[in-house]
Amino acid sequence: MTAFKLAAGAPFPVSKIARLGGGDLTLGKPSEGFDWQMIVVYRGKHCPYCSRYLQELEPLVPRLNGIGIDLAAVSADSLDRAEPHIAKLGINLTIGYDLSIAQMKSLGLYISEPRSDAESPRPFAEPGLFIINGDGTLQVTDISNGPFVRPHLETLVGGLEFIRNPDNNYPIRGMLE
């Protein structure tokens, strides 16, 4: 089986998703005041690894915002699953929900069928992380087919601080075909 994957340096496919708390969240367009966006795709309420990752991510938001990076975390969970889950975690991240299978495919994510309704009532995306730069292109990407493989957050944020420093003139990597 072959699957489409977003290429480093490619335009990021802008799309809208429902936002926890109301309204829409635009993937690929940072909120006002930011010029880059970081999108963290998590598996959903059923995944303890994702819950921990979101909790570890929240204290790093001020550093990301300080270098002009907006953050959004998204999943395929429905509102009735996402809302109590995020409330239970006690985090205050921008959360998108109801990620569709078509959106998952457009992002090149791995998609899994639930093992049972107890896990999830519908297919869900495996973890993904996308950094979209000010030109709307994919600066950094990481996708996984399981919950155990994700970027170490301190290392990631430190790397983004390095990339965003104009003195470093750091290019998009991995573009040689």
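Sorting GLU161, GLU154 on solvent-accessible area from highest to lowest, probe radius 1.4 Å, gives GLU154, GLU161.
Rolling a 1.4 Å probe over the protein heavy atoms leaves PHE34 with an accessible area of roughly 60 Å². Helix 153-164 and the longest principal axis of the Cα set of the chain meet at an angle near 30°. Pairwise inverse Cα distances across region 74-177, averaged and inverted, put the Kirkwood hydrodynamic radius at 15.9 Å.
Does region 1-159 come out rounded, prolate or oblate by the C-alpha gyration tensor, with a ≥ b ≥ c the root eigenvalues, rounded set by a/c under 1.5 and, if not, prolate when a/b is larger than b/c and oblate if not? Verdict is rounded for region 1-159. Against the chain, whose longest principal axis is taken from its Cα atoms, helix 79-89 shows a tilt of about 70°. Taking Lys and Arg as +1 and Asp and Glu as -1, the other residues whose beta-carbon sits under 15 Å from that of MET38 total -3.
Angle of helix 48-57 to the longest C-alpha principal axis of the chain, folded into 0 to 90 degrees and rounded to 10: 40°.
Solvent exposure of ARG164, expressed as accessible area, is near 60 Å², computed with a probe of 1.4 Å over the protein chains only.
The values are calculated or read from the model by the stated rules, or taken from the named source; none is laboratory data. This is a predicted model, so every value here is computed, not measured. Because the Cβ atoms are built from the backbone with ideal geometry, glycine has one as well, and the counts that use them run over all protein chains shown. Just the protein is used for accessible areas: all its heavy atoms, side chains included, with ligands, DNA and RNA removed. Shrake-Rupley method; radii C 1.70, N 1.55, O 1.52, S 1.80 Å.
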